[in-house]
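Following: one structure in structure tokens, then a few remarks.
Please treat every number below as a calculation from the coordinates, not as lab data. For clarity, every value in this text was computed on a predicted model and none was experimentally measured. Glycine gets a Cβ as well: all are built from the backbone with ideal geometry, and neighbour counts include every protein chain shown.
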Amino acid sequence: MKSINSVLFVCLGNICRSPLAEGVFRHVVDNAGKSGTIRIESAGTGGWHIGNLPDERSIAIAQLHGIDISNQRAQQVTLNDFLEFDLILAMDRDNLSNLEAMCPKGSHAIIALYRDYCLAEHKDVPDPYYGGTGGFEEAYQLASRCSNALMDKLAG
Ligand code: 4NP
């Protein structure tokens, strides 16, 4: 397998799901003693929240599990991301099809559905934005399972 040195996690707004995916994966990489060896970022296909902190419910659920994601700021996916990142993981199938549609020629990035790539589950991370806090706990738990599996996959 081509070695993967950079990962971009993508959702719609880059304030709920992908900041959790980024923060939890960085935590797993740090705990494996591999801090700084992989470039880890997140972005949204939409640009409404550019520059904003993660949603306060995402910050809170991460904090509950001992992870600080309050240093993150939302950004939108750019064409350059397809040239710079080795692996681009979409939280849901809408995000995936938007990414596939915008991918420029010359990109060698692997673009895949997050749960599919990490866990072989052909499922979305449900968008928790309009729901209750249960959706954020679910997004955290999925990020935790996916991050551990991704670390094993990239290390192995
Ligand atoms: P995310 O959640 O894609 O997980 O960051 C959303 C955040 C904002 C919106 C939709 C989903 N929004 O419509 O503003």
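Structure notes:
- Extreme residue, surrounded by the fewest Cβ atoms within 10 Å (Cβ to Cβ), among residues of segment 84-101 that are more than 16 Å from the ligand (Cβ to nearest atom) and not in a loop (DSSP other than H, G, I, E, B): 101
- Scope segment 52-82; condition within 14 Å of the ligand (Cβ to nearest atom) and more than 16 Å from the chain's Cα centre (by Cα); matching residues: 52, 56, 57
- So residue 42, is it within 16 Å of the ligand (Cβ to nearest atom), of a type in the set (Gly, Ala, Ser) and either under 22 Å from residue 153 (Cα atoms) or free of Cβ contacts under 8 Å to residues at least 24 places away in the same chain (or both): yes
- The single condition among (1) within 20 Å of residue 25 (Cβ to Cβ); (2) small (Gly, Ala, Ser); (3) surrounded by fewer than 20 Cβ atoms within 10 Å (Cβ to Cβ) that residue 106 does not meet is (1).
- Of all residues in segment 45-60, those that are of a type in the set (Ser, Thr, Tyr) have Cβ atoms under 6 Å from Cβ atoms of residues that are buried (at least 19 other Cβ atoms within 10 Å of the Cβ) and assigned to a loop (DSSP other than H, G, I, E, B), 6 or more apart or on another chain, in 45/12; 45/77; 58/16.
- Residue among 55, 81, 68 that alone is surrounded by fewer than 20 Cβ atoms within 10 Å (Cβ to Cβ) and not aliphatic (A, V, I, L, M): 68
- Checking the stated criteria, residue 136 turns out to be surrounded by 16 or more Cβ atoms within 10 Å (Cβ to Cβ), within 15 Å of the ligand (Cβ to nearest atom) and not in a loop (DSSP other than H, G, I, E, B).
- Against the test of being within 16 Å of the ligand (Cβ to nearest atom) and over 19 Å from residue 57 (Cα atoms), the options 115, 145 yield a single qualifying residue, 115.
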